[in-house]
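Structure record follows, encoded as structure tokens.
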Amino acid sequence: MDSILVRGGAELHGRIPIAGAKNACLALMPATLLTEEPLTLTNAPRLSDISTMSLLLESLGADVQALEEGRRLALASHGLSSHRAEYEIVRRMRASILVLGPLLAREGHAIVSLPGGCAIGARPVDLHQMAMEALGAELELRDGYLHARAPRGLRGAEIEFPIVSVGATENALMAATLARGTTVIRNAAREPEIVDLAQCLRRMGAQIAGEGSETITVEGVDRLSGATHPVVVDRIELGTYMIAPAITGGRVECVGGSRALLASFCDKLEAAGITVEETPEGLATRRSGERVRAVHVVTEPYPGFPTDLQAQMMALLATADGVSILEERIFENRFMHAPELARMGADIEVHGGTATVRGVSRLRGAPVMATDLRASVSLVLAGLAAEGETRVARVYHLDRGYETVEEKLRACGARIERVRQT
Ligand code: EPZ
């Protein structure tokens, strides 16, 4: 298995282009199932999760072409050959559950494997189920698969989520576009990826209002058409690379980034003493000299501090001057990076959903590995700041969500390489 080798200590200076958002693209791709006409996504990221979603859609009979080296995805679902999402694919990626709403809306039935457990928490799909039931579907769990049927079609309804869920909001939104009548989604997720999905669905002819707020209203239509849609910028990749110069010293401009995507994160970086500048082409971060200051971080649904940047922030705070507190409020087990950072000399104590990070003046390189995507990248960031060599194993986690991470960082002066193992 490949690993990433980082020799720490180099300041970073330069520019990093930010790709299209993985989590937006993973929700936009299943929207092809809602129409017989072609859906084209531009600015798509080149990631293994996108290949997994392509595989899943192809297994249902959709045609997926990756053009322009994967930057443009041409999707078409003229006629579907299956309505069953197999465990073999779903277990590799939980976003597979996002085919449930579109399949039900278009075909009137769907069989989708339950995704199973996950390194960062239990992550049940009860809210997806609840939304489909509210829209008139009947669901039953058999042999590890959710069997969903809506023989008379879906009908508009009031859906009130008890907690905010990005994926369940996306499933409800897609299903509601073809349901008869009006659907009102309350306590909806407000993430930029939801807004992006709503904009794409609107381009396809859907009637949607209120995306980006807590209440989304959808008037069902008889059919949707094809469209071309650019995937929104990846705010989590953006935040990750904004932390890189904060941790090493230097200045990096993230091209394509905007503060609007990450306001609470930017506020927290500034509180830690990092300079965040809006530039004509994006967003730059800079740290000169001083150690960063300790801060208190609480992860929350958008517009709060994103859980997907908690691990990277912990890497930064590991060398802060003072004691930082990180509270993880979205997932119950998302501190798997803490013991690995400790192997590099970080002083972190975890109690339930709270981590206390006592900043140390220096991290030291070590062999480390991680069990999820954001944890992996946090170890790469820590390696950039550490004395000596850090080897991050299980790089396949990184490849799920970061395009050519080593090239992007190397272009700014990082000493980082992929060590291929055959
Ligand atoms: C999305 O996951 C993202 N994935 C995650 O990105 C991200 O961490 C998460 O949203 C939160 O922002 C994609 O968009 C593909 P949720 P999702 O439903 O939709 C609970 C990354 O690193 N819940 O908003 O699965 C759940 O357990 C990742 O790129 C239920 O209880 O997250 C969690 O505690 C990982 N029942 C909370 O809600 C349900 O039916 C929020 O999860 C669904 C969720």
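The values are calculated or read from the model by the stated rules, or taken from the named source; none is laboratory data. Keep in mind that this is a model prediction, so the values were computed, not measured. No Cβ is skipped: glycine too gets one built from the backbone with ideal geometry, and neighbour counts run over all protein chains shown. Accessible surface is based on the protein model in full, side chains and every heavy atom, while ligands, DNA and RNA are left aside. Shrake-Rupley method; radii C 1.70, N 1.55, O 1.52, S 1.80 Å.
In the stretch 176-193, the qualifying residues are those that are in contact with a helix residue (DSSP H, G or I) (Cβ under 6 Å, 6 or more places away or on another chain) and either within 13 Å of the ligand (Cβ to nearest atom) or open to solvent by 30 Å² or more (accessible area, probe 1.4 Å) (or both), and the one that is farthest from Ala24 (Cα to Cα) is Leu178.
Those strands (runs of 3 or more DSSP E) of the stretch 1-55 in which at least 1 residues are outside the structural domain of Arg92 (by TED's automatic domain parsing), considering only elements entirely within it, cover 3-7, 12-17.
In the stretch 286-305, the qualifying residues are those that are free of Cβ contacts under 8 Å to residues at least 40 places away in the same chain and open to solvent by 40 Å² or more (accessible area, probe 1.4 Å), and the one that is nearest to the chain's Cα centre (by Cα) is Glu300. Taking the stretch 132-141 as the range and being more than 15 Å from His83 (Cβ to Cβ) and either open to solvent by less than 90 Å² (accessible area, probe 1.4 Å) or outside the structural domain of Glu107 (by TED's automatic domain parsing) (or both) as the test, the residues that pass are Glu133, Ala134, Leu135, Gly136.
Of the residues that sit in the stretch 160-175 and are in contact (Cβ under 8 Å) with a residue 60 or more places away in the chain, open to solvent by less than 10 Å² (accessible area, probe 1.4 Å) and touching an Asp or Glu at 6+ places or on another chain (Cβ under 9 Å), which one is nearest to the ligand (Cβ to nearest atom)?
Going residue by residue through the stretch 160-175, those that are in contact (Cβ under 8 Å) with a residue 60 or more places away in the chain are 164, 166-167, 170-175.
Cutting the leftovers down to open to solvent by less than 10 Å² (accessible area, probe 1.4 Å) gives us 170-175.
From what's left, touching an Asp or Glu at 6+ places or on another chain (Cβ under 9 Å): 170, 173.
Numbers: Glu170: 7, Leu173: 12 Å.
Of everything passing the filter in the stretch 160-175, Glu170 is nearest to the ligand (Cβ to nearest atom).
Within the option set Arg391, Arg374, Arg418, being touching a residue at least 60 places away in the same chain (Cβ under 8 Å) and within 16 Å of the ligand (Cβ to nearest atom) holds for one residue only, Arg374. Given (1) open to solvent by 40 Å² or more (accessible area, probe 1.4 Å); (2) part of a helix (DSSP H, G or I), where does Arg329 come up short, assuming only one miss? Failing condition for Arg329: (2). One residue stands out among those in the stretch 142-159 that are open to solvent by less than 40 Å² (accessible area, probe 1.4 Å) and not in a loop (DSSP other than H, G, I, E, B): the one that is farthest from Ala110 (Cα to Cα), which is Ile159. If you go through the stretch 84-114 and keep only what is over 24 Å from Leu154 (Cα atoms) and outside any helix (DSSP H, G or I), you end up with Arg91, Arg92, Met93.
Sort out which residues of the stretch 266-280 are in contact with an Asp or Glu (Cβ under 7 Å, 6 or more places away or on another chain) and assigned to a loop (DSSP other than H, G, I, E, B), and write them in order of number. Gly273, the sole residue that qualifies. Within the stretch 77-100, the set of residues being aliphatic (A, V, I, L, M) and under 24 Å from the mean Cα position of the chain (by Cα) comprises Ala85, Ile89, Val90, Met93, Ala95, Ile97, Leu98, Val99, Leu100.
Checked against (1) open to solvent by 30 Å² or more (accessible area, probe 1.4 Å); (2) near the ligand (Cβ under 8 Å from one of its atoms); (3) not aliphatic (A, V, I, L, M), His128 passes all but a single condition, namely (1).
Kindly check whether there is at least one residue in the stretch 25-34 that is open to solvent by 40 Å² or more (accessible area, probe 1.4 Å) and modelled with pLDDT of 95 or more. Before the answer, list the steps.
Going residue by residue through the stretch 25-34, those that are open to solvent by 40 Å² or more (accessible area, probe 1.4 Å) are none.
Looking for residues that are open to solvent by 40 Å² or more (accessible area, probe 1.4 Å) and modelled with pLDDT of 95 or more, one finds none in the stretch 25-34, hence no.
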